[in-house]
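Just below is one structure, and these are the notes that go with it.
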Amino acid sequence: MQGSDQFYKDIIDLLPVYLTIQNRDFEILYANQTFKKDFGDGTGKLCHTVYKGSSVKCDQCPVERTFNDRKIHISEETVQALDGKTHQMIVYSAPVFDDLSNVQYVMELATNITTVKTIQRELTGLGQSIAMLSHGIKNVLEGLQGGAYVVDEGIHDGDMNLITRGWQVVKNNIIDITSITQNVLYASKKRTIKLEKTSPADMVKNLVITYQSKAEYLGIKIRYDINRNLPDVNLDVLSVRRLLNNLVSNSLAACANDKSKQNHQVIVRAEVYNELQFKFEVEDNGSGINELTKRRIFEAFFSTKGSEGTGLGLSVANRIVKQHGGKIEVESEPGEGSLFRVILRM
Ligand SMILES: Nc1ncnc2c1ncn2[C@@H]1O[C@H](COP(=O)(O)OP(=O)(O)OP(=O)(O)O)[C@@H](O)[C@H]1O
Ligand SMILES: [Mg+2]
């Protein structure tokens, strides 16, 4: 068997690449089995029809270039297989000469590189994400340095007011860096939620207390509005605290950025939603969100804050809500403010 025509034919058929032989009209004269399995029996059909469902030749056709200059060419193409899925291919074209050394046919070898392309895209995304995170962290560190400088000055001058002001800046930036770190951890690891009985009303109360001094520093009023009759519910406390933190810090930023009003406030609520569900709400009268932005706010790394934001807050919030089998809603008007509502099982 070895050395026979059948042996070589079998090998060519089984090669894990799509192999075709084409003439000057891009008509497929031969296709191996691997090709036929994924693209059907293309023999007698045109290459661009079979690979792309197109009636015209590809712009940078490697087969045509090989016919013209007798050289090997490489290109990347997006094609569609019989199952309707699109694939990325790296395509090699090589000349097949006749007895007079004319290019009689061109052999085309196509290898599926979809997985490689996906990984390449993910790595590019990862690079961009790391750049965004580094900016965010750099910003906070500068804030910390600024705060520490004011504290130093206060100590030097024996000025308690200055010390208190500087210390507040330091504390604000500690909140921010903690938030970034925790969001990165939430975004990068799959966490299974650990449910425990908790009072949603107490959670909201404690959250508002945590943000009180930061809000005061920014000149924003923050208050809670809770239904004390809300029963204890099953929640992953750490995750939900993270979710609410992200909503409140967005609201504070939206108020701080809004120069169109004198007075800003953030209200955090815990209230019954219906017989089976309760809701958390975080409402602000900050800058609001336009329609275009609203469509993208839950995407990881989407931010309109430049180096002030990593864009992880709402994607992490959304994931936590989903893990709890809940729902998150947004109501917002540019210039008016926003309301984020989280509905969870009681
Ligand atoms: N309460 C809000 N008011 C106005 N815009 C908001 C509000 N909450 C979210 N957004 C918009 O949604 C975007 C995404 O929010 P997200 O919390 O995911 O990221 P970020 O706040 O920009 O960055 P990070 O949370 O990492 O600091 C924000 O950049 C902002 O444009
Ligand atoms: Mg945020």
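Ala256 falls short on exactly one of the conditions (1) in contact with a His (Cβ under 9 Å, 6 or more places away or on another chain); (2) within 12 Å of ligand 2 (Cβ to nearest atom); (3) among the hydrophobic types (A, V, I, L, M, F, W, C), and that condition is (2).
Considering only the range 134-145, I want to know if a residue exists there that is outside any helix (DSSP H, G or I) and more than 19 Å from Leu235 (Cβ to Cβ). No, the conditions are met nowhere in the range 134-145. Candidates are the residues of the range 259-298 that are within 16 Å of ligand 2 (Cβ to nearest atom) and part of a helix (DSSP H, G or I); the one that is farthest from Asn206 (Cα to Cα) is Thr293. Of the set (1) within 11 Å of ligand 1 (Cβ to nearest atom); (2) outside any loop (DSSP other than H, G, I, E, B), all apply to Ser239 but (1).
A single member of Glu299, Glu283 is out of contact with any Pro (no Cβ under 7 Å at 6 or more places or on another chain), within 14 Å of ligand 1 (Cβ to nearest atom) and without any contact (Cβ under 8 Å) to a residue 40 or more places away in the chain, and it is Glu299. For the range 324-346, a tally of residues being more than 23 Å from Leu235 (Cβ to Cβ), part of a strand (DSSP E or B) and not polar (S, T, N, Q) returns 3.
For (1) outside the structural domain of Lys138 (by TED's automatic domain parsing); (2) free of Cβ contacts under 8 Å to residues at least 12 places away in the same chain; (3) within 8 Å of ligand 1 (Cβ to nearest atom), each residue gets a yes or a no:
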{"position": "Thr304", "(1), (2), (3)": "no, yes, yes"}
{"position": "Glu308", "(1), (2), (3)": "no, no, yes"}
{"position": "Leu314", "(1), (2), (3)": "no, no, yes"}
{"position": "Arg319", "(1), (2), (3)": "no, no, no"}
{"position": "Gly326", "(1), (2), (3)": "no, no, no"}
{"position": "Glu329", "(1), (2), (3)": "no, no, no"}
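Screening Ile220 against (1) within 15 Å of ligand 2 (Cβ to nearest atom); (2) touching a Gly at 6+ places or on another chain (Cβ under 9 Å) leaves a single unmet condition, (1). Restricting attention to the range 139-170, the residues that are touching a residue at least 40 places away in the same chain (Cβ under 8 Å) and out of contact with any Gly (no Cβ under 8 Å at 6 or more places or on another chain) total 2.
Considering Leu126, Leu100, Leu141, Leu82, the condition of being within 15 Å of Lys52 (Cβ to Cβ), hydrophobic (A, V, I, L, M, F, W, C) and either exposed (fewer than 12 other Cβ atoms within 10 Å of the Cβ) or not assigned by TED's automatic domain parsing to the domain that holds Lys36 (or both) is satisfied by Leu82 alone.
Conditions tested, residue by residue: (1) hydrophobic (A, V, I, L, M, F, W, C); (2) closer than 24 Å to Ile12 by Cβ.
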residue: Ile74; (1), (2): yes, yes
residue: Thr78; (1), (2): no, no
residue: Gly84; (1), (2): no, no
residue: Ile90; (1), (2): yes, yes
residue: Val96; (1), (2): yes, yes
residue: Asp99; (1), (2): no, yes
residue: Arg121; (1), (2): no, no
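Taking the criterion of being under 24 Å from Asn32 (Cα atoms), under 35 Å from the mean Cα position of the chain (by Cα) and either of a type in the set (Ser, Thr, Tyr) or outside any helix (DSSP H, G or I) (or both), would at least one residue in the range 114-133 satisfy it? Looking for residues that are under 24 Å from Asn32 (Cα atoms), under 35 Å from the mean Cα position of the chain (by Cα) and either of a type in the set (Ser, Thr, Tyr) or outside any helix (DSSP H, G or I) (or both), one finds at least one in the range 114-133, hence yes. Does the range 192-226 hold any residues that are exposed (fewer than 14 other Cβ atoms within 10 Å of the Cβ) and farther than 28 Å from Lys171 by Cα, and which are they? Once the filter is applied, which keeps residues that are exposed (fewer than 14 other Cβ atoms within 10 Å of the Cβ) and farther than 28 Å from Lys171 by Cα, the range 192-226 yields Thr192, Lys194, Leu195, Glu196, Lys197. Does the range 244-254 contain at least one residue that is touching a residue at least 60 places away in the same chain (Cβ under 8 Å), among the small types (Gly, Ala, Ser) and crowded, with 21+ Cβ neighbours inside 10 Å? Yes - at least one qualifying residue is present in the range 244-254.
Kindly indicate whether any position in the range 312-320 is away from ligand 2 (no atom under 16 Å from the Cβ) and of a type in the set (D, E, K, R). Scanning the range 312-320, I find no residue that is away from ligand 2 (no atom under 16 Å from the Cβ) and of a type in the set (D, E, K, R), so the answer is no.
The values are calculated or read from the model by the stated rules, or taken from the named source; none is laboratory data. What you see is a predicted model; the values in this text were computed from it and never measured. So basically every Cβ, Gly included, is an ideal-geometry build from the backbone, and we count neighbours across all protein chains shown.
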